[in-house]
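Just so it is clear, none of the values below were taken in a lab; they were calculated from the coordinates. All of these numbers come straight from a predicted model, not from anything done at the bench. Note that we place each Cβ from the backbone using ideal geometry, even for glycine, and neighbour counts take in every protein chain shown.
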Amino acid sequence: MPAGPVGRRGERSVILTPARRDGAIAAAELRRLRAVESAKEGDQKEVLLKSLLYSQDSIMGLFGDRKRRLKETRKGLSEGSIKLTDIPAISVIRQGEGVVSADNRRLWVFKHCGMPPNTRIPVIVKKTMDANFRRKSTSKTGGLTVAQRGNQDQF
């Protein structure tokens, strides 16, 4: 008797136990993190959303152009009117065991629009921390959280 249903390409599908699935996801993410580590400056890679850390301790509710509210982008991603590919890639640097974002408002939107934590997020790799990145590095929680500053209806 066959091991499982046959896929479109004639391959047999495999049913993984939850533990093996979690292990496979962790192994794939480790490969992505190593790819970021070995990438050249400016290379585009993908990192799981749950692996991205904030560099700042707080963010404003408007994007840098002071016109667009984070709330609108978050809602657009949730409803599907905005795609992940419509948003510029996040600049990141590998720091210790994590991948730290220089674009904290975009990262906040991704983390609060209902995307699963295993979503692959396009990133642009930075190899050194420039003055702008250093200036933004104010996180006191190891990049796990970010506070909201300003008008709460912008979030």
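General remarks:
- L49 paired with L144, simple spin-label distance in nm, labels 7 Å along Cα-to-beta-carbon: 2.0
- For the range 17-27, backbone phi angles converted through the Karplus equation (6.51, -1.76, 1.60; θ = phi - 60°) give residue-by-residue couplings of 5, x, 5, 5, 4, 4, x, 5, 5, 5, 5 Hz, Gly and Pro being listed as x.
- Once the C-beta distance of S58 and T119 is scaled by a Förster radius of 35 Å, the resulting FRET efficiency is 0.90 to the nearest 0.05.
- Fraction of beta bridges assigned by DSSP in the range 1-127 that are antiparallel (%, nearest 5): 65
- Taking the centroid of alpha carbons for each part, the range 30-49 and the range 73-99 are 15 Å apart.
- In loop segments of the range 50-97 as defined by DSSP, the GluC sites (Glu not before Pro) with at most 12 further C-beta atoms inside 10 Å of their C-beta are E97.
- Working note: Cα atoms of the chain, range along each principal axis, descending, whole Å: 63, 35, 26.
- With θ taken as phi - 60° and the Karplus curve 6.51 cos²θ - 1.76 cosθ + 1.60 applied, the whole-hertz 3J(HN,Hα) list for the range 122-129 is x, 10, 10, 7, 10, 9, 10, 7 Hz, x standing for glycine and proline.
- Nearest-ten-degree value, helix 70-79 long axis tilted from longest Cα axis of the chain: 20
- For the residue pairs K45/K127; K71/K127; K67/K140, the alpha carbons lie more than 20 Å apart in K71/K127; K67/K140.
- Amide H within-cut-off set for I121, under 5 Å, with H built and near neighbours excluded: V47, L48, L49
- Hydrodynamic radius of the range 64-150 per Kirkwood, over alpha carbon pairs, in Å: 14.1
- Near the amide H of V99, within less than 5 Å, lie the amide hydrogens of L53, all on another chain or at least 5 residues away, with H placed in the peptide plane.
- The trypsin sites (Lys or Arg not before Pro) found in the range 79-154 that occupy coil by DSSP, while having at most 15 further C-beta atoms within 10 Å, are K83, K127, K140.
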